[in-house]
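Notes for the one structure printed next.
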Amino acid sequence: MLPTAKIGPYTLPNPLIVAPMAGVTDRPFRLLCRRLGAGLAVSEMVIADSKLWHTRKSRTRLNHDGEPEPRSVQIAGGDPEMLADAARQNAEFGAQIIDINMGCPAKKVCNKAAGSALMKDEALVRDILEAVVNAVDVPVTLKMRTGWDADNRNAAVIARMAEDAGIQALAIHGRTRADKYNGDAEYDTIADVKSRVSIPVFANGDITSPEKARQVLTHTGADGLLIGRGAQGRPWIFREILHYLETGKHLPEPDLDEVEALLTEHLTELHRFYGELMGVRIARKHVGWYLQSHDRSKQFRKRFNAIEDALEQKDSIEQYFAGLRNGEVFAA
């Protein structure tokens with residue numbers, strides 16, 4: 001039985017959410033994941049300083065044309081007033097959920113007293129939460145880690161603070177800031193937070209298979225899951241997890257024809273969304289993820305990464321999959 005996931009007035013189609021990932025969860029990827037089973041997809045984080053929104057990167061991150069409701073936008077920064085203003089402007093642009101980033105461990109974010117660095121300063125956290133909640137009429141959610149380091153796991157304290165401030169849902173990555181993405185995620189802290197608050201809690205971290213998804217839901221009692229790196233190159237993971245949670249049975253892996261069709265569609269949308277120059281470059285990392293289980297020698301990816309033309313990228317993918325069907329092994 002799937003848990004029912006709600007964020008404010010929105011009841012999600014299912015409790016599986018695409019975690020926001022900078023440079024990954026752009027509009028083409030979000031739409032693909034939604035079509036393949038995700039109940040919600042959160043945008044890449046948008047820096048709170050609106051003076052920087054004129055850049056190409058920010059303009060694409062603020063583009064939500066054609067996305068199904070509800071549209072969730074993540075904002076990042078360390079100044080309460082600036083975050084409140086960013087929340088207001090994004091709501092005016094059509095965001096229906098505002099998510100505050102206190103989970104990103106990247107140095108360039110943490111060094112600016114944003115992301116998971118904020119968890120060090122609980123007074124500032126309170127100010128930010130209250131400022132953003134009071135700035136908008138749409139639900140505000142919070143994504144965080146279990147704490148700053150192993151000796152400072154303060155997720156439960158911040159969770160209660162968030163609930164008091166009017167935050168509508170929490171997502172918790174089962175690592176501290178100091179952990180970055182090393183070691184294994186731990187879920188005891190998430191279970192502890194879930195037992196202390198009445199707002200929905202979503203668990204995140206190392207959810208890469210249907211079995212792991214069920215294990216984490218059972219262990220934490222969470223209302224749903226955020227799936228990030230597990231969806232890179234495998235956007236169909238959402239339908240696989242859904243099917244397993246509903247039936248206890250595994251869906252077959254997508255065959256080569258479907259993988260090729262999805263990858264080609266993804267390439268087309270990246271080229272269209274970013275334009276050929278940037279689309280070709282951004283496509284490279286996605287192709288690398290899709291082909292991890294096939295191109296183990298990485299020989300094809302090395303050649304693919306040298307291609308500068310959109311049509312040539314598509315042709316090379318077609319030839320690669322034709323070779324796989326014929327049992328050929330790619331060689332440089």
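Of the residues G224, Q299, Q313, the one whose Cα sits farthest towards the positive end of the charge dipole of the chain is Q299 (charges of +1 on Lys and Arg Cβ, -1 on Asp and Glu Cβ, taken about the Cα centre). Axis angle, to the nearest 10 degrees, between helix 122-135 and the longest C-alpha principal axis of the chain: 80 degrees. Provide the per residue accessible area, probe 1.4 Å, for the chain, rounded to a whole number of square angstrom. I get 44 Å² per residue for the chain. Modelled spin-label separation between S297 and D137, with each label point placed 7 Å from Cα along the Cα-to-Cβ direction: 6.2 nm. Per residue, the average separation of C-alpha pairs within less than 8 Å and at least 6 apart gives the chain a relative contact order of 14 percent.
On segment 250-303, 50 percent of the accessible area sits on carbon and sulfur atoms, based on a 1.4 Å probe. For segment 250-327, chymotrypsin sites (Phe, Trp or Tyr not before Pro) are listed when DSSP marks them as loop and at most 10 other Cβ atoms sit within 10 Å of their Cβ; the list is empty. Within segment 137-197, the trypsin sites (Lys or Arg not before Pro) that combine a DSSP coil assignment with at most 16 other C-beta atoms in a 10 angstrom radius are K180. With both labels modelled 7 Å from their Cα along Cα-to-Cβ, the T218 to E81 distance reads 5.2 nm.
Length gained on full extension, A261 to T4, computed as 0.36 nm times the residue gap minus the Cα-Cα distance: 89.3 nm. Using the empirical formula 2.2 N^0.38 Å as the baseline, the Cα radius of gyration of the chain reaches a ratio of 1.00. Please tell me the relative contact order of segment 256-326 in percent, rounded to the nearest whole number, where contacts are Cα pairs under 8 Å and at least six residues apart. RCO, segment 256-326: 36 percent. Within segment 237-332, the proportion of Cα pairs with more than 15 Å between them is 63 percent. Extension gain for N182 to E318 (0.36 nm times residue separation, less C-alpha to C-alpha distance): 45.4 nm.
If one takes the longest principal axis of the Cα atoms in the chain, at what angle in degrees, from 0 to 90 and to the nearest 10, does the Cα axis of helix 256-274 lie? Value to nearest ten degrees: 60.
The values are calculated or read from the model by the stated rules, or taken from the named source; none is laboratory data. What you see is a predicted model, and the numbers here were worked out from it, not measured in a lab. In this analysis, Cβ positions are derived from the backbone assuming ideal geometry, glycine residues included, and neighbour counts consider all displayed protein chains. The accessibility values were calculated without ligands, DNA or RNA, using every heavy atom of the protein model including side chains. Shrake-Rupley method; radii C 1.70, N 1.55, O 1.52, S 1.80 Å.
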